[in-house]
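Visitor: Please read through the structure below; I'll follow up with questions.
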Amino acid sequence: MTDCIFCKIVKGEIPAKEVARSASAVAFHDLNPQAPVHVLVVPTTHFHNAAATESDDGERVLAATLRLAVRVARELGLADAGYRLVMNVGAQGGQSVAHLHVHVLGGRQMTWPPG
């Protein structure tokens, strides 16, 4: 998708403060952090959201994206205290960019319900 901001970040066309990269996903700091640590993990392959991953390829991409999210949380020192992984789907779910992504949130006590 040529006009997707996350696709452009993945390709290096838009700068981002990158945290980690795998063959299948890229992690970078959110520009509008909602916690002391707020990183976005996006697959290098464009999927509109988690609901669009209902295929073998989508399943692999989703797994690889979550795997990088967990790795990032560990590398940023969140594993012992805990952290939150969030995927928003659709407008009412809070999705603001139409590219599958996982929010890694930590560094403070998370509350419930979330919103």
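Visitor: (1) in a strand (DSSP E or B); (2) modelled with pLDDT under 95: which one isn't true of Val39, the others all being true?
Guide: Looking at each condition in turn, Val39 falls short on (2).
Visitor: Still on this model: Restricting the search to region 42-59, which residues are assigned to a helix (DSSP H, G or I) and more than 13 Å from the chain's Cα centre (by Cα)? I'd like the intermediate steps shown before the answer.
Guide: Let us first name the residues in region 42-59 that are assigned to a helix (DSSP H, G or I), namely 50-52, 56-59.
Hits for region 42-59 are Ala51, Ala52, Asp56, Asp57, Gly58, Glu59.
Visitor: Continuing with this model, one more query. Checking Gln95 against (1) in a loop (DSSP other than H, G, I, E, B); (2) over 13 Å from Phe6 (Cβ atoms): exactly one of these is not met. Which one?
Guide: (2)
Visitor: List the number of the failed condition for Ala63; all other conditions in (1) surrounded by fewer than 18 Cβ atoms within 10 Å (Cβ to Cβ); (2) touching a helix residue (DSSP H, G or I) at 6+ places or on another chain (Cβ under 7 Å); (3) of a type outside the set (Phe, Trp, Tyr) hold.
Guide: Condition not satisfied by Ala63: (2).
Visitor: Can I ask one more? So which residues in region 60-92 are assigned to a loop (DSSP other than H, G, I, E, B) and free of Cβ contacts under 8 Å to residues at least 12 places away in the same chain, if there are any at all? Spell out how you get there, then give the answer.
Guide: At the first step, the residues of region 60-92 found to be assigned to a loop (DSSP other than H, G, I, E, B) are 76-82, 87-92.
Once the filter is applied, which keeps residues that are assigned to a loop (DSSP other than H, G, I, E, B) and free of Cβ contacts under 8 Å to residues at least 12 places away in the same chain, region 60-92 yields Gly77, Ala79, Asp80, Ala91, Gln92.
Visitor: Right, here's the next one. State all residues of region 11-37 that are touching a residue at least 60 places away in the same chain (Cβ under 8 Å) and surrounded by fewer than 17 Cβ atoms within 10 Å (Cβ to Cβ); if no residue qualifies, say none. Outline the logic, then answer.
Guide: To start, the set of residues in region 11-37 that are touching a residue at least 60 places away in the same chain (Cβ under 8 Å) comprises 27, 30, 34-37.
Those that are touching a residue at least 60 places away in the same chain (Cβ under 8 Å) and surrounded by fewer than 17 Cβ atoms within 10 Å (Cβ to Cβ): Gln34, Pro36.
Visitor: Give me a count of the residues in region 66-77 that are under 10 Å from the mean Cα position of the chain (by Cα) and surrounded by fewer than 20 Cβ atoms within 10 Å (Cβ to Cβ).
Guide: Residues in region 66-77 being under 10 Å from the mean Cα position of the chain (by Cα) and surrounded by fewer than 20 Cβ atoms within 10 Å (Cβ to Cβ): 1 in total.
Visitor: I've got another one for you. Can you tell me which condition Trp112 does not meet? The list is (1) hydrophobic (A, V, I, L, M, F, W, C); (2) touching a helix residue (DSSP H, G or I) at 6+ places or on another chain (Cβ under 6 Å); (3) exposed (fewer than 13 other Cβ atoms within 10 Å of the Cβ), and all the others hold.
Guide: (2)
The values are calculated or read from the model by the stated rules, or taken from the named source; none is laboratory data. What you see is a predicted model, and the numbers here were worked out from it, not measured in a lab. Glycine gets a Cβ as well: all are built from the backbone with ideal geometry, and neighbour counts include every protein chain shown.
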